[in-house]
Ligand code: ADP
Ligand code: ZN
């Protein structure tokens, strides 16, 4: 199947805005069937048809994760429960999970968006697509599954973990494309090596779709090199369905965010005012196609910016820069604000550094210390960590230049840091553990 919805994907800005205003008013009409929005809209005097042009979206109130939790589980539901066919819930990385409900038409629209996204990244119905990711409440499993099938690929619903089996599936069925969390792919590569296999030589892989957790450009390039593939960034969150929200095209220059399905704003997380176009802020999103549970001006807490310029692929929907993290990923040490991805960016540029690392912040003798454990890359490891003093000093120096705090670097053996089943845990702040 061809999933290039040219008319929609190349719509000019005025056309995008017209479509969005129309769909936003429809969404307000649907949303007022929920207990939550009904009450809120009455309080604020918001009615369908209130919005005349896209800038007026700022008249609408924000919705936060806390609002979802406070009205758990059915406060946002707009339809009779017999019309709901599935629920998904977020992985609860930052607290209690939140739940999202879908009608059959919601699921259909979502699958179309995922199919469109995969097509954008060059995947075709001739591909054999292995989905290496947990099936269940996590949206990466079923979310991709339905999109892969809609596009018409041969899908392999492999699930997460069990690297030996993943490799066997790849070899048995000639997998050409796969989706996985980036931190897992480093482990998978190690298993290839342990088996004396080289993914470049011993598989037919040509494309990876990687996402669900923050990662740097350097991390992506490493994955591409290890596996001999192109790796495309995939962004989504359960509150906006899951995968299929924003995706890189084959030019790999930012993530096209589907503006016929979502209104996208970027605001200052403190003042909540829109930031000037191109500046970093918090991503705020409004669903335009959802029936069971529309969300209006949802504060994602993800930090990013719109990228300037046109994309050579011809798609006109705005492109987002790589998500640098969530507002709550930031930690403060010695008065400096630090994001884990700043540290990853520095480490991944050092060839001897492995791809797995763990940041710990600890109060030692009344001093906050930034301790970074870094695995040494297998190819460089001689078996003696004591010989690597120069490398330790180099890393400490480079990290300090970036984050302005001198870290304590502890090099560790390849494969020795803990690996989580799902998204990687990059930071442990012991100051918060009583
Ligand atoms: P949870 O919020 O519990 O982690 P989700 O599975 O809904 O549950 O995760 C969505 C979040 O994952 C996003 O809000 C974002 O922080 C992160 N994320 C998803 N895809 C990417 C990506 N490509 N790059 C960076 N972060 C991502
Ligand atoms: Zn493009």
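The values are calculated or read from the model by the stated rules, or taken from the named source; none is laboratory data. This structure is a prediction, so every number in the text was calculated from the model and none was measured. Because the Cβ atoms are built from the backbone with ideal geometry, glycine has one as well, and the counts that use them run over all protein chains shown.
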* Would you please name the residue that is farthest from the chain's Cα centre (by Cα), looking only at residues in region 129-144 that are surrounded by 19 or more Cβ atoms within 10 Å (Cβ to Cβ) and more than 13 Å from residue 161 (Cα to Cα)? => 129
* So, in region 244-260, of the ones that are crowded, with 24+ Cβ neighbours inside 10 Å and under 15 Å from residue 289 (Cα atoms), which residue ends up nearest to ligand 2 (Cβ to nearest atom)? -> 258
* **Within region 185-220, tally of residues that are over 22 Å from residue 153 (Cα atoms) and touching a residue at least 60 places away in the same chain (Cβ under 8 Å)** => 11
* Asked: With respect to the numbered conditions (1) surrounded by 21 or more Cβ atoms within 10 Å (Cβ to Cβ); (2) assigned to a loop (DSSP other than H, G, I, E, B); (3) more than 16 Å from ligand 2 (Cβ to nearest atom), which one is the sole condition not fulfilled by residue 123?
  -> (3)
* **Scan of region 296-329 for residues that are within 13 Å of ligand 1 (Cβ to nearest atom) and without any contact (Cβ under 8 Å) to a residue 60 or more places away in the chain, ordered by number** => 303, 304, 327
* To do: Would you mind telling me which numbered condition in (1) over 22 Å from residue 355 (Cβ atoms); (2) within 13 Å of ligand 1 (Cβ to nearest atom) residue 251 fails?
  => (2)
* Out of curiosity, is residue 240 more than 9 Å from ligand 1 (Cβ to nearest atom) and either within 28 Å of residue 106 (Cα to Cα) or touching a residue at least 40 places away in the same chain (Cβ under 8 Å) (or both)? -> no
* Asked: So which of 83, 70, 106 is over 18 Å from residue 242 (Cα atoms) and in contact with a strand residue (DSSP E or B) (Cβ under 9 Å, 6 or more places away or on another chain)?
  -> 83
* To do: Only residues that are at pLDDT below 95 and farther than 26 Å from residue 302 by Cβ: list them for region 46-73, please.
  => 47, 48, 49, 50
* Asked: Across region 397-434, what is the total count of residues that are part of a loop (DSSP other than H, G, I, E, B) and more than 28 Å from residue 382 (Cα to Cα)?
  -> 7
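So that you can scan it fast, the table gives a plain yes or no per residue for (1) in contact with a helix residue (DSSP H, G or I) (Cβ under 7 Å, 6 or more places away or on another chain); (2) under 30 Å from residue 23 (Cβ atoms); (3) at pLDDT below 95:
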site: 173; (1), (2), (3): no, no, no
site: 188; (1), (2), (3): yes, no, no
site: 204; (1), (2), (3): no, no, no
site: 218; (1), (2), (3): yes, no, no
site: 228; (1), (2), (3): yes, no, no
site: 242; (1), (2), (3): yes, yes, no
site: 264; (1), (2), (3): no, yes, no
site: 267; (1), (2), (3): no, yes, no
* Residues of region 185-211 being surrounded by fewer than 19 Cβ atoms within 10 Å (Cβ to Cβ) and part of a loop (DSSP other than H, G, I, E, B), which ones? -> 195, 196, 197, 198, 204, 206
* Is there a residue in region 82-99 that is away from ligand 1 (no atom under 16 Å from the Cβ), not in a strand (DSSP E or B) and not assigned by TED's automatic domain parsing to the domain that holds residue 424? -> yes
